[in-house]
Amino acid sequence: MALNRNLKMGMIGGGPGAFIGDVHRKAARMDGGIELVAGAFDIVPKKSKQMGKEQNLDPKRVYSTYTEMIEKELELPEGERVDFVSITTPNNWHFPIAKAFLEAGFNVMCEKPMTINVAEAKELKQIVKKSKKVFGLMHNYTGYPMVKLAKDMVDGGDLGKIRKVVVQYPQGWLATALEKTGQQQAAWRTDPKQSGGAGCMGDIGTHAENLAEYITSLKIKEICADLTTFVKGRRLDDDGNCLLRFSNGARGILHASQVSIGEENGLAIWVYGEDGSVEWHQEHPNYLYVKTPDAPVQVWRRGNDYVSAKSPAAGRATRTPSGHPEAFLEAFANNYINFGDTIRAALTKTKADPLAKDFPNVDDGLRGMQFIESVLISTKSKQKWTKFVK
């Protein structure tokens, strides 16, 4: 039984001047199966109304608060109310908003990091389980086709037993005290009340952690971390370096920085096994470099039949033929496709395609918060190694 309509999307956050909310809106609507119909876009009601007008929404479904949105949407018949909400607020609002919507019976897509601390993450996991609703977490980099190809190569044993993982995420945009100029994105990301206990490591270090665990299917077991705040007066870290020990005995290096002048979004990963290695760069996402002993470097290129033959997940995540680049927005959209198809299966009481379940979830969110807390404990400790928080 097919669902003969688009999924109806609501949004919390993403008001005027916001970056990530606009990305979510564009990505969710990219493939035509999702339409934005409602939202509480800003903590200032006037700004929420402004964004609703810009999105050509019915003014009656543009709300001043998320609690009002829940109340009013529940008054609508099923099939007319929102099927899910996307939470694109600063971090401190993720938990209370997700909790409220899940308990009211709505599916939820949430920006990362999932919560403000581990305790909230554990509670949210139980809420998701009890609600039986679909919960997605927007670690968008898992949506790239060549990341999925790398994962399937590792899981298929092409590299042999994994020995070492190197993952990095350097940026340079916070090399000065940008937050003191009134720049909105810098202001909340460097505010511990809104961002949480970590700055750079919570904002982008969690992407590196998630990417490493997603591709390798390994879990970080121990960590030795060093966080630094280079910009005078900044209250959270803007640079971090970590040594990692993984569950299979592999070793790793993870570094994230927002003071690396000249860098934009240099997320990259190298995975080394006993028989070979793979290398992927987010700024050149359509290529996966595969290396084996005594052979030339192979460059696997997105959109070719040999990619989808090797990795059905990569094939599913590919829209255009080879040579036509796909990147950031499409990766977001791929997570929305899988999240949306899983919701459709639930609404029609059918079994979801296993490939549709390939999107970050509440377990990944808990891992991210455990990573942040482990890093914070380690950087303050005199011990060399800190066990990954459970």
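Just so you know, all these numbers are worked out from the coordinates, no wet-lab data involved. These figures come from a predicted structure and were not determined experimentally. Reconstructed Cβ throughout: ideal geometry from the backbone, glycine too, with neighbour counts over all protein chains shown.
Values computed for the structure shown
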quantity	calculated
Charge dipole of segment 173-307 about the Cα centre (unit charges at C-beta), most positive-ward option of 282, 229, 216	229
Calculated diffusion of segment 230-289, Stokes-Einstein form, Kirkwood radius summed over Cα pairs, 20 °C and 1.002 mPa s, µm²/s	153
Separation of alpha-carbon centers, segment 60-136 and segment 341-390, rounded to whole Å	17
Of 53/112; 26/46; 125/232; 122/349; 112/387; 133/390, pairs whose Cα-Cα distance is over 31 Å	125/232
Shape category assigned to segment 95-226 from the gyration tensor of Cα positions, a/c cut at 1.5	oblate
Ratio of Rg to Rh over segment 5-160 (Cα coordinates, Kirkwood Rh, two decimals)	1.01
Relative contact order of the chain, defined on C-alpha pairs under 8 angstrom at six or more residues apart (%)	19
Over segment 233-390, relative contact order from alpha-carbon pairs under 8 Å, at least 6 apart, %	9
Rg in Å to one decimal, and Dmax rounded to a whole Å, for segment 322-390 via C-alpha atoms	18.3, 54
Rounded, prolate or oblate (a/c below 1.5 giving rounded, otherwise prolate when a/b exceeds b/c) for segment 169-222 by Cα gyration tensor	prolate
Cβ charges +1 (Lys, Arg) and -1 (Asp, Glu), total dipole of the chain, debye	780
Shape category assigned to the chain from the gyration tensor of Cα positions, a/c cut at 1.5	oblate
